Amino acid sequence: MIVGFLKIMVKDRKNESAEEFLDRYRHSAAHIMAHAVKRIFPGAKLGIGPPIEDGFYYDFDLEEKLGPELFDRIEGEMKKIISENLPFEREEISQQDAMKLFKERGEDYKCELLADLSGEVITIFRDGGFVDLCRGPHLERTGQIKAYKLLGVAGAYWKGDEQRPMLQRIYATAFPSRKELMEYLRSIEEAKKRDHRKLGRELELFSFHDEAPGCAFFHPRGLVLYHTLLDYWRKVHYREGYQEIRTPLILREELWHQSGHWEHYKNHMYFSQVGELNFAVKPMNCPGGILYYKEKQHSYREFPLRIAELGVVHRRELTGVLHGLFRVQSFVIDDAHIYCLPDQIKEEIVSITRLILEIYREMGFSEYQIEISTRPDSYIGRERDWELATRSLTEALEECDIDYQVNEGEGAFYGPKIDFHIKDSLKRSHQCGTIQLDFSMPERFDLEYVGADGKKHRPVMIHRAAFGSVERFLGILLEHYGGALPVWLSPVQVIVLPVSEKSLPYGRKVGERLTREEIRSELDERNEKIGWKVREAQTQKIPYMLVVGEKEAAAGTVSVRSRGEGELGQSALDKFIERIKKEIKDKN
Ligand SMILES: [Zn+2]
Ligand SMILES: [Zn+2]
């Protein structure tokens, strides 16, 4: 966080990208907001105030509780600072003088940041009576800010450290025009309505409890959705020649030393001691999968060997960052490890890419972005292996005829990778799928296969996932559809609504028939008015409601109401079943 703040670079303005301009614009607005807060609460101590995606924040330490009821006042003060059109003045200063200045102003946090800045050129920025330790850049004057809005307050530990004081973080945004701001505010209203945490509650899909922070409790309907996703996943993976395994959740600590996770990842892992033995709860499936691979000797003839595992992993997160299904501590990765020959890499990447994109398409995501990350400065493995692997990745994407972006030097130290980002209906991007080549694990675990020459060789290992975290993907799906999932994914596809007690037996018969046809249905047996039942089914976002009264019972029909299209009128039950089955088959 601090690093991000200090890395705001002074760039040649002429070459400034739209994003860089927006960062500079919003960061300037952050100064104005902090200035306004200091005018209202002179005792407030400043934390940091960087631009972030879609806005900016500033952290404050003060006695008074900052809340939305103060936003008008702070925005009003910002308006004054903007109309004063103060210049942002840059000043280079010695560390000693800066320390003195911020000490006098009681800015303890700035002093702490300063202490870490030895040997660098230190700059401060002033606008009017406000002064901030900052590298810039900023706008020229406060009057250039045209549209801004405070959005919320949250607690944030200083430097993200739970041992340090909890500061109050005001989130806000700023746009170059009022129109863009209004558009953005509308989109966040829409996003709030679609918040998967809210939908999860309303649609009775899942819940979270303090007894297991960041671990979802899936309710019956939520689990149906979960299994529907996985059933589909298995179907397409088995079709593509994947085999599935399941390895233990808890494995001896030594394994994690050998895999390198201990070294690089232990702060995110759970450990357990049983008797004399130390165990770790797996944060990734790979080491377990490798033990399976080593179970027997492999031949090049088996390659590519595609071993999938829908493994439950646990990863420790700071409690502050947990966020519904988007950021959890326990989740399933739709993992697969592929062992192949170097000259099979390209073809394998083509087939994985096609599979991942097919899955996204079927789930209703038509927009995506693909990034290749190449060899970083420090890496393991042979240069020519990296070259072959990286060339295979790019050639594979070209063969699939898809655009991609190259992130030079951004690959992991153990191999190059491809990341898949999907765009949801609110145009938000989510990183989901990944294809990762790995030159490290085969070495660490001494993996082998017998080649055509009868000699032993190292296999190429590819890690890949389409959903990434199944939990997170489910959250994305819910927000993408605003809870109105396509029929094939809906936990309840049809609800049967008897008009009165009298039509209950017929309603039951309809329900039983639907069940026999493997259509997921429920029967609303409650003695409530039909209008009320319909409204409730509508808020439950159930795709079809079948209203049945005495008339329908006599004729053997149902009165169909669709979530999206409203009343569809009377229909023979068989006809309706035909219609919904076709929709399910077509994944509508
Ligand atoms: Zn600044
Ligand atoms: Zn893996």
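The values are calculated or read from the model by the stated rules, or taken from the named source; none is laboratory data. Just so it is clear, the structure is predicted and the values come from calculations on it, not from any experiment. Glycine also receives a Cβ, built like all others from the backbone with ideal geometry; neighbour counts cover every protein chain displayed. Accessible surface areas use protein heavy atoms only, side chains included; no ligands, DNA or RNA. Shrake-Rupley method; radii C 1.70, N 1.55, O 1.52, S 1.80 Å.
Step by step: first the residues of the range 442-478, then only those that are open to solvent by less than 10 Å² (accessible area, probe 1.4 Å) and out of contact with any strand residue (DSSP E or B) (no Cβ under 6 Å at 6 or more places or on another chain), then the one that is farthest from Phe206 (Cα to Cα). Which residue is that? Here the residue is Leu447.
Of the residues examined, Arg301 is one that is away from ligand 1 (no atom under 16 Å from the Cβ), within 26 Å of Glu347 (Cβ to Cβ) and without any contact (Cβ under 8 Å) to a residue 12 or more places away in the chain.
Suppose we filter the range 538-553 for residues that are open to solvent by less than 10 Å² (accessible area, probe 1.4 Å), in contact with a Phe, Trp or Tyr (Cβ under 9 Å, 6 or more places away or on another chain) and within 16 Å of Val492 (Cα to Cα); how many remain? Reasoning before the result, please.
First pass over the range 538-553, keeping only residues open to solvent by less than 10 Å² (accessible area, probe 1.4 Å): 542-546, 548-549.
Filter again for in contact with a Phe, Trp or Tyr (Cβ under 9 Å, 6 or more places away or on another chain), leaving 544, 546, 548-549.
Filter again for within 16 Å of Val492 (Cα to Cα), leaving 544, 546.
The total comes to 2.
For the range 139-148, the criterion of being within 14 Å of ligand 1 (Cβ to nearest atom), touching a residue at least 60 places away in the same chain (Cβ under 8 Å) and among the hydroxyl-bearing types (Ser, Thr, Tyr) is satisfied by at least one residue. Within the range 382-415, the set of residues being closer than 30 Å to Asp54 by Cβ and assigned to a loop (DSSP other than H, G, I, E, B) comprises Ile402, Asp403, Tyr404, Glu408, Gly409, Glu410, Gly411. Can you find, within the range 290-332, the residue that is most open to solvent (accessible area, probe 1.4 Å) among those that are β-branched (Val, Ile, Thr) and either part of a strand (DSSP E or B) or closer than 28 Å to Ala212 by Cα (or both)? Ranking the candidates gives Thr319 first.
Among the residues that make up the range 61-70, is at least one of them more than 28 Å from Glu19 (Cβ to Cβ), open to solvent by less than 30 Å² (accessible area, probe 1.4 Å), in contact (Cβ under 8 Å) with a residue 24 or more places away in the chain and of a type outside the set (A, V, I, L, M, F, W, C)? The answer is yes, given that some residue of the range 61-70 is more than 28 Å from Glu19 (Cβ to Cβ), open to solvent by less than 30 Å² (accessible area, probe 1.4 Å), in contact (Cβ under 8 Å) with a residue 24 or more places away in the chain and of a type outside the set (A, V, I, L, M, F, W, C).
Table: residues versus (1) at pLDDT 95 or above; (2) closer than 26 Å to Thr353 by Cβ; (3) assigned to a helix (DSSP H, G or I); (4) among the polar types (S, T, N, Q).
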site	(1), (2), (3), (4)
Leu223	yes, no, yes, no
Tyr226	yes, yes, yes, no
Leu229	yes, yes, yes, no
Lys235	yes, yes, yes, no
Leu251	yes, no, no, no
Trp262	no, no, yes, no
Lys266	no, no, yes, no
Ala280	yes, no, no, no
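As a summary of the residue check, Arg252 satisfies the conditions (1) more than 20 Å from Asp446 (Cβ to Cβ); (2) more than 16 Å from ligand 2 (Cβ to nearest atom); (3) in contact with a Phe, Trp or Tyr (Cβ under 9 Å, 6 or more places away or on another chain) except for the one numbered (1). Checked against (1) buried (at least 21 other Cβ atoms within 10 Å of the Cβ); (2) over 30 Å from Asn15 (Cβ atoms); (3) hydrophobic (A, V, I, L, M, F, W, C), Cys111 passes all but condition (1). When we screen Ile40, Ile52 for residues that are more than 11 Å from ligand 1 (Cβ to nearest atom) and touching a helix residue (DSSP H, G or I) at 6+ places or on another chain (Cβ under 7 Å), the only hit is Ile40. Going through the range 527-551 one residue at a time, which ones are of a type outside the set (Val, Ile, Thr) and either touching a helix residue (DSSP H, G or I) at 6+ places or on another chain (Cβ under 7 Å) or at positive phi (or both)? Scanning the range 527-551 gives Asn527, Lys541, Tyr544, Met545, Leu546, Gly549, Glu550. Within the range 94-111, is even one residue closer than 21 Å to His27 by Cα, more than 16 Å from ligand 2 (Cβ to nearest atom), in contact with a strand residue (DSSP E or B) (Cβ under 9 Å, 6 or more places away or on another chain) and hydroxyl-bearing (Ser, Thr, Tyr)? Checking the range 94-111: at least one residue is closer than 21 Å to His27 by Cα, more than 16 Å from ligand 2 (Cβ to nearest atom), in contact with a strand residue (DSSP E or B) (Cβ under 9 Å, 6 or more places away or on another chain) and hydroxyl-bearing (Ser, Thr, Tyr). Of all residues in the range 554-576, exactly one satisfies the criterion of being surrounded by fewer than 20 Cβ atoms within 10 Å (Cβ to Cβ), in a strand (DSSP E or B) and among the charged types (D, E, K, R), namely Glu567. If I ask for residues that are part of a strand (DSSP E or B) and crowded, with 20+ Cβ neighbours inside 10 Å, which ones from the range 139-155 would you list? Those that are part of a strand (DSSP E or B) and crowded, with 20+ Cβ neighbours inside 10 Å: Tyr148, Leu150.
Out of curiosity, is Lys533 in a helix (DSSP H, G or I) and open to solvent by 60 Å² or more (accessible area, probe 1.4 Å)? For Lys533, the condition - in a helix (DSSP H, G or I) and open to solvent by 60 Å² or more (accessible area, probe 1.4 Å) - is not met.
Here is a yes/no grid of residues against (1) surrounded by fewer than 19 Cβ atoms within 10 Å (Cβ to Cβ); (2) closer than 20 Å to Met441 by Cα; (3) over 23 Å from the mean Cα position of the chain (by Cα):
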{"residue": "Gln369", "(1), (2), (3)": "yes, no, no"}
{"residue": "Ser373", "(1), (2), (3)": "no, yes, no"}
{"residue": "Arg382", "(1), (2), (3)": "yes, yes, yes"}
{"residue": "Trp386", "(1), (2), (3)": "no, yes, yes"}
{"residue": "Thr394", "(1), (2), (3)": "yes, no, yes"}
{"residue": "Asn407", "(1), (2), (3)": "yes, no, no"}
{"residue": "Glu410", "(1), (2), (3)": "yes, yes, no"}
{"residue": "Pro416", "(1), (2), (3)": "no, yes, no"}
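Given Asn285, Asn278, which one is farther than 23 Å from Phe217 by Cβ and away from ligand 1 (no atom under 16 Å from the Cβ)? Write out each step before concluding.
Numbers: Asn285 fails: farther than 23 Å from Phe217 by Cβ.
Being farther than 23 Å from Phe217 by Cβ and away from ligand 1 (no atom under 16 Å from the Cβ) holds for just one of Asn285, Asn278, which is Asn278.
Selection of the range 419-466 for residues being within 33 Å of the chain's Cα centre (by Cα), away from ligand 2 (no atom under 16 Å from the Cβ), in a loop (DSSP other than H, G, I, E, B) and not hydrophobic (A, V, I, L, M, F, W, C) yields Asp424, Ser425, Lys427, Arg428. When each of Gly260, Gly275 is tested for being in contact (Cβ under 8 Å) with a residue 40 or more places away in the chain and open to solvent by less than 80 Å² (accessible area, probe 1.4 Å), the lone residue that passes is Gly260. Residue count for the range 348-365, restricted to those that are touching a helix residue (DSSP H, G or I) at 6+ places or on another chain (Cβ under 8 Å) and open to solvent by 20 Å² or more (accessible area, probe 1.4 Å): 3. The listed residues are Tyr232, Tyr242, and the only one of them that is touching a residue at least 60 places away in the same chain (Cβ under 8 Å), over 28 Å from Arg520 (Cα atoms) and buried (at least 16 other Cβ atoms within 10 Å of the Cβ) turns out to be Tyr242. Within the range 468-513, the residues that satisfy the criterion of being farther than 30 Å from Thr353 by Cα and assigned to a loop (DSSP other than H, G, I, E, B) are Val492, Gln493, Val499, Ser500. Scanning the range 486-516 for residues that are under 23 Å from Tyr226 (Cβ atoms) and surrounded by fewer than 15 Cβ atoms within 10 Å (Cβ to Cβ) yields one hit, Thr515.
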